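Input: a single structure, listed below in structure tokens.
Just so it is clear, none of the values below were taken in a lab; they were calculated from the coordinates. This one's a predicted model, so the numbers in the text were calculated from it and none came from an experiment. In this analysis, Cβ positions are derived from the backbone assuming ideal geometry, glycine residues included, and neighbour counts consider all displayed protein chains.
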Amino acid sequence: MKKTLLLGLLIGFCTTLFAQPSQKFSAYLFTYFTGDKGGEAIRFALSNDGYHFRALNNNQPVINSAEISATGGVRDPHIMRAADGKTFYMVATDMNTEKFGWGPDSSMVLLKSTDLIHWTSKTIDITKTFKKFDGVNRVWAPQTIYDPKVKKYMIYWSMRFGEEADKIYYAYANKDFTGLETEPKQLFFKPDGGACIDGDIVYKDKKYYLFFKTEGSGAGIKIAVSDKLTSGYVLRDKYVQQTKDPVEGAGTFKLNDGSGYILMYDMYTQGKYQFTRTTDLENFKLIDDEVSMDFHPRHGTVMPITEKEAAVLKAKWGKSE
């Protein structure tokens, strides 16, 4: 009995001693596009602190839009790290305003990488994949989140039928992240019937916070909260942007030092981004005077990365400072 107990303690000690350490995130990768007509391509920028960002590759695309999209342009890129810690998923709107104007747009692009440099991709046309959605004319701003309950990756995006208001839908990606294995379902709609676009979900303290842009009776960024990922979202009747100018493309990321979260968004009529900080995802403080960028992004997202991953990106696309 004593020998068995001693052996068990020894095995536990060795397991702890030689276990792989958890990844330490010490930098941030900002993926974004720069605008209409020529700017609809994925670009990267780096930051060491989440406040000061520098564009990689001289602010030029790191992926050729013509090779990954049906239209030759992509917008609204969202990037995330997979649950395995070493795979990366990116999704984007398949859209080229220079060639096709503002739609109809019915496709999204799914990308996958293991090194942040080389990406495989697949274009998904919602109207062709799911016949019941052949009346859709907007498939905008897709994002991905891991659903631990079903152990699958959920893609959610804004979608519109005809002249109806935009609503947020979701579907689960297949194992290879090359398509959707479930039919789209409605995730959220604005109670007053107004449009809602640019969804961004953050998980904190066992709750899901859905940031989105409202349109119709009032416009701006609001939050709906639920304790379940795919249902039950309750709207908070409060705008969270810290400006009276029009905004869109909310993106929220957690600071590596644990000091809170950054909510950023595109002030698209002013040609600039605005940054705010929060600790509770309810009260937001303007911090534009603490932020600097050497580029002008549009809708994009930020993902924490390791020092090693930042070094790989710098080696490929140039220094960030």
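Going by a ≥ b ≥ c, the root eigenvalues of the Cα gyration tensor, does region 144-261 fall in the rounded group (a/c under 1.5), the prolate group (a/b larger than b/c) or the oblate group? Cα axes put region 144-261 in the oblate bin. What does DSSP give for the chain in terms of the percent of beta bridges that are antiparallel, rounded to the nearest 5? The answer is about 95 percent antiparallel. Taking the longest Cα principal axis of the chain as reference, the axis of helix 307-317 is set at about 50 degrees.
Take the Cα of residue 123, go 7 Å toward its beta carbon, and the backbone nitrogen atoms of region 165-189 under 17 Å from that spot belong to 178-180. Of all aspartates and glutamates in the structure, the ones whose alpha carbon falls short of 17 Å from that of residue 86, not counting any fewer than 8 places away in one chain, are 115, 176, 307, 309. Cross-link check: pairs 131/152; 122/206; 185/285 evaluated at a Cα-Cα cut-off of 28 Å; pairs beyond the cut-off: 122/206; 185/285. May I ask for the angle, rounded to the nearest 10°, between helix 2-18 and the longest principal axis of the chain, with both axes built from Cα atoms and the value confined to 0 to 90°? Around 50 degrees separate the two axes. Neighbour counts of C-beta atoms inside 10 Å place 118, 78 in the sequence 118, 78, starting with the fewest.
Kirkwood hydrodynamic radius of region 27-317, from the reciprocal of the average inverse Cα-Cα distance over all distinct pairs: 19.0 Å.
Just tell me which lysines come within less than 18 Å, Cα to Cα, of residue 99; anything on the same chain fewer than 8 places away is out. Of all the lysines, those that pass the test against residue 99 - Cα under 18 Å, at least 8 places apart if same chain - are 37.
With a ≥ b ≥ c taken as the square roots of the eigenvalues of the C-alpha gyration tensor of region 254-321, please select rounded if a/c is under 1.5 and otherwise prolate if a/b is larger than b/c or oblate if it is not? In terms of gyration-tensor shape, oblate. Taking each DSSP H run with n ≥ 4 as -39500 (n - 2.57) and averaging over every residue of the chain yields -3500 deg cm²/dmol at 222 nm. For the options 85, 73, 39, a Gaussian network treatment of the chain with springs between C-alpha atoms closer than 10 Å singles out 85 as fluctuating the most.
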